[in-house]
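What follows is one structure encoded as structure tokens, with my remarks underneath.
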Amino acid sequence: MSSTGTMPTAIIDLAMRLGIPPPGAGSPRVSLTQTGHMKRTLESDSWIAFKASQTIATDRCAFDWCAKVGPFGLISGRDALEDGDGRFDITALGVIPLARAHHTPALVRGELMRYLAEIAWAPHAILHNSELRWRVDGPDSLSVSAGVGATASEVILGLDSDGRIATAFALDRPRSATPPILPTPWHGRFSDYRLVDTIWVPMVAEVAWTLPAKDIVYWRCQVESWRADADHDRSKRNRMTGTS
């Protein structure tokens, strides 16, 4: 559990605006479901629909995203970070391997950057995750980092007029787990904040790579459900109570 004693005031204020109570007896696990579309390749003009479920830890840097795409959801994808190791797999019918990323520092950096960018969906991590390092860059800009050495990663979070997380930017997220790793500017946008129980959560997101010619949005989603479960009460379902 992170201590708020040495945390910059701006970070504590962000947590308070998002409805996060001071750290107590435990750190909740976030669970959410999504529907959306993603590009087959960055060069493609076609999009494929997906449905996904995700869990995000708030006391450490870990997540597990599982999606089904294609006709009848026959293709499955898993993107995960657990115990300091990244994972990216694509399978057919749940058992036939189609693609698997090599376990490299570049893969871990990419997954760490995803975790840091998605703090908007797991805001309890702001106060609960002691692996995070924070820096205040300005009134509307905060940097959060994690990892050391070859896996050190940083994401810059931009705040909207309500002081909530609206953007996430990484200067050099790897586009490949193996050489050439192609470190590339990468950014996400969050919008349509809703009040779920006492927590403000963005319900819409999109992600893009910044290439020399233009920004290419390659992933968009709508959050269909969101909950934060305490370790002792996984069955509690949060209810949506308002909009931004």
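The values are calculated or read from the model by the stated rules, or taken from the named source; none is laboratory data. Keep in mind that this is a model prediction, so the values were computed, not measured. Glycine gets a Cβ as well: all are built from the backbone with ideal geometry, and neighbour counts include every protein chain shown.
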The condition from (1) in a loop (DSSP other than H, G, I, E, B); (2) surrounded by fewer than 16 Cβ atoms within 10 Å (Cβ to Cβ) that Ile20 misses is numbered (2)
Name the residues in the stretch 6-46 that are among the acidic types (Asp, Glu) and on the phi > 0 side of the Ramachandran plot, would you? none
Only one of Pro202, Pro180, Pro185 is surrounded by fewer than 18 Cβ atoms within 10 Å (Cβ to Cβ) and either touching a helix residue (DSSP H, G or I) at 6+ places or on another chain (Cβ under 8 Å) or in contact (Cβ under 8 Å) with a residue 24 or more places away in the chain (or both), namely Pro185
Among the residues of the stretch 134-148, the number that are surrounded by fewer than 18 Cβ atoms within 10 Å (Cβ to Cβ) and more than 16 Å from the chain's Cα centre (by Cα) is 8
Options Asp64, Asp89, Asp79: the member that is surrounded by 15 or more Cβ atoms within 10 Å (Cβ to Cβ), touching a Pro at 6+ places or on another chain (Cβ under 9 Å) and not in a loop (DSSP other than H, G, I, E, B): Asp89
Tally time: how many residues in the stretch 205-215 are surrounded by 16 or more Cβ atoms within 10 Å (Cβ to Cβ) and either out of contact with any strand residue (DSSP E or B) (no Cβ under 8 Å at 6 or more places or on another chain) or among the aliphatic types (A, V, I, L, M) (or both)? 3
Does at least one position in the stretch 122-133 carry a residue that is surrounded by fewer than 19 Cβ atoms within 10 Å (Cβ to Cβ), in a strand (DSSP E or B), more than 17 Å from the chain's Cα centre (by Cα) and of a type in the set (Lys, Arg)? no
Would you mind listing the strands (runs of 3 or more DSSP E) fully within the stretch 146-215 where at least 3 residues are modelled with pLDDT under 95 and either acidic (Asp, Glu) or over 25 Å from Trp134 (Cβ atoms) (or both)? none
Identify the single condition in (1) closer than 21 Å to Gly36 by Cα; (2) touching a helix residue (DSSP H, G or I) at 6+ places or on another chain (Cβ under 6 Å); (3) not hydroxyl-bearing (Ser, Thr, Tyr) that Phe88 does not satisfy, given that it satisfies every other one. (2)
Tally up the residues in the stretch 92-108 that are surrounded by 11 or more Cβ atoms within 10 Å (Cβ to Cβ), more than 24 Å from the chain's Cα centre (by Cα) and in a loop (DSSP other than H, G, I, E, B), please. 0
